[in-house]
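These notes are about the structure you will find just below.
The values are calculated or read from the model by the stated rules, or taken from the named source; none is laboratory data. Because the structure is a prediction, the values reported are computed rather than measured. Here Cβ is always computed from backbone atoms with ideal geometry, including for glycine, and neighbour counts include all displayed protein chains. SASA here: full protein model, heavy atoms, side chains in, ligands and nucleic acids out. Shrake-Rupley method; radii C 1.70, N 1.55, O 1.52, S 1.80 Å.
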Amino acid sequence: MSDLYDVVGVGFGPSNLALAIALTEHNAQVGPGERVRGRFLERQPRFGWHRGMLIEDATMQVSFLKDLVTMRNPSSGFSFLCYLRDRGRLVDFINHKNLFPLRTEFHDYFEWAAAQVEDLVTYGTNVTDLGFDGSCLRVGGHRARNVMLATGLR
């Protein structure tokens, strides 16, 4: 068994991706003794979100402001607007006069954000066990104080 983590996330879709970003931002602002140790376990070999629904012209049905971070931290470097700036698309998006991005672009945004926290994720891991040994939780070969289950629709 590995070291004890404060949180182990099972599944790495948007929910646990947002949690990984929150941990990363928190840890960047605190001293070593206040950092939160996290690990995320994902069955897929790489990040993916609703791949079967990435139809070429399909748009998001919610505002881009409901990205991974804006409601929690509007100044976050992980926002959809920061993604657009990084990709050289901010001016085009603003001038497009449509505040509902394409689903394919939002998927690319998720991949962009996931790449920035990939050190916290173990891909290709199928978690089949969750237990408590009297002192901590055990999940996917890791010891944890807390477990966040975010396995999507399955």
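What to note about this one:
- Scan of region 17-43 for residues that are within 12 Å of N146 (Cβ to Cβ) and either free of Cβ contacts under 8 Å to residues at least 24 places away in the same chain or touching a Gly at 6+ places or on another chain (Cβ under 8 Å) (or both), ordered by number: L19, L23, G38, R39
- Candidate set from region 117-153 (those that are assigned to a strand (DSSP E or B) and either free of Cβ contacts under 8 Å to residues at least 12 places away in the same chain or out of contact with any strand residue (DSSP E or B) (no Cβ under 7 Å at 6 or more places or on another chain) (or both)); member that is surrounded by the fewest Cβ atoms within 10 Å (Cβ to Cβ): G131
- Residue tally, condition assigned to a loop (DSSP other than H, G, I, E, B) and open to solvent by 30 Å² or more (accessible area, probe 1.4 Å), over region 59-69: 5
- When D92 is tested against (1) in contact with a Lys or Arg (Cβ under 9 Å, 6 or more places away or on another chain); (2) in a helix (DSSP H, G or I); (3) over 22 Å from G9 (Cα atoms), exactly one condition is not met: (1).
- Of the candidates Y109, Y83, the single residue that is more than 20 Å from E42 (Cβ to Cβ), among the hydroxyl-bearing types (S, T, Y) and either open to solvent by less than 60 Å² (accessible area, probe 1.4 Å) or touching a helix residue (DSSP H, G or I) at 6+ places or on another chain (Cβ under 7 Å) (or both) is Y83.
- Failed criterion for W112 (all others in (1) touching a residue at least 40 places away in the same chain (Cβ under 8 Å); (2) under 12 Å from the mean Cα position of the chain (by Cα); (3) over 30 Å from R143 (Cβ atoms) hold): (1)
- Residue check for E56: at pLDDT below 95, over 18 Å from A144 (Cβ atoms), surrounded by fewer than 19 Cβ atoms within 10 Å (Cβ to Cβ) and of a type in the set (D, E): yes
- Test for R72: is it under 15 Å from I21 (Cβ atoms), open to solvent by 70 Å² or more (accessible area, probe 1.4 Å), in a loop (DSSP other than H, G, I, E, B) and touching a residue at least 24 places away in the same chain (Cβ under 8 Å): yes
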